[in-house]
Amino acid sequence: MVAAKLTGHRVNVDAVAWSPDGEWLVTGGRESWLLLWDHAGTPVLCLVDHDGWILRLAWSPDGGLIASAHGDGAIRLWTRDDKAPVRRIAAHELAVEALSWSADATTGDLASTLAPS
């Protein structure tokens with residue numbers, strides 16, 4: 001069932017993630033930028049810092065950070081308020097295949113794996 005069609009990206013969207021409270025959706029793909037949507041389906045923020053398409057997205061358990069992974073092996077951390085990443089992590093030499101936060105919000109642990117070569 002399609003609840004709403006979101007209009008904002010011009011090409012394929014490869015990654016989507018709902019915030020833990022279900023109020024925000026972040027999308028990313030081949031345009032190299034993220035769109036942050038409110039629950040009504042309105043784009044409220046465009047986040048730009050990647051050099052190629054975005055492969056994975058994940059919200060921290062407390063909803064304070066968004067992790068985005070890119071084909072360059074880097075992970076960028078964003079907040080809902082900043083238009084630039086608050087941190088860039090050089091995680092791998094190849095594309096990040098998977099991205100996941102620990103369920104324990106107190107640790108801030110983030111795990112990632114690289115794509116098979």
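The values are calculated or read from the model by the stated rules, or taken from the named source; none is laboratory data. Please read these numbers as outputs of a predicted model, since none were measured by experiment. Methodologically, a virtual Cβ is constructed for each residue, glycine included, from the backbone with ideal geometry; neighbour enumeration extends over all protein chains shown.
Would you tally the residues in the range 33-61 being farther than 22 Å from Arg88 by Cα and either of a type outside the set (Gly, Ala, Ser) or surrounded by 13 or more Cβ atoms within 10 Å (Cβ to Cβ) (or both)?
Going through the range 33-61 one residue at a time, the tally reaches 7.
Filter the range 20-32 for residues that are surrounded by 19 or more Cβ atoms within 10 Å (Cβ to Cβ) and touching a Gly at 6+ places or on another chain (Cβ under 7 Å) and give the result.
none
Where in the range 12-58 are the strands (runs of 3 or more DSSP E), entirely inside, with at least 1 residues that are acidic (Asp, Glu)?
By residue number, 13-18, 33-38.
When you look at Ser32, is it polar (S, T, N, Q), in contact with a Phe, Trp or Tyr (Cβ under 8 Å, 6 or more places away or on another chain) and modelled with pLDDT of 85 or more, yes or no? Reasoning before the result, please.
On the way: polar (S, T, N, Q): yes; in contact with a Phe, Trp or Tyr (Cβ under 8 Å, 6 or more places away or on another chain): yes; modelled with pLDDT of 85 or more: no.
It is false that Ser32 is polar (S, T, N, Q), in contact with a Phe, Trp or Tyr (Cβ under 8 Å, 6 or more places away or on another chain) and modelled with pLDDT of 85 or more.
Any residue at all in the range 30-40 that's touching a residue at least 40 places away in the same chain (Cβ under 8 Å) and basic (Lys, Arg)?
Scanning the range 30-40 turns up no residue that is touching a residue at least 40 places away in the same chain (Cβ under 8 Å) and basic (Lys, Arg).
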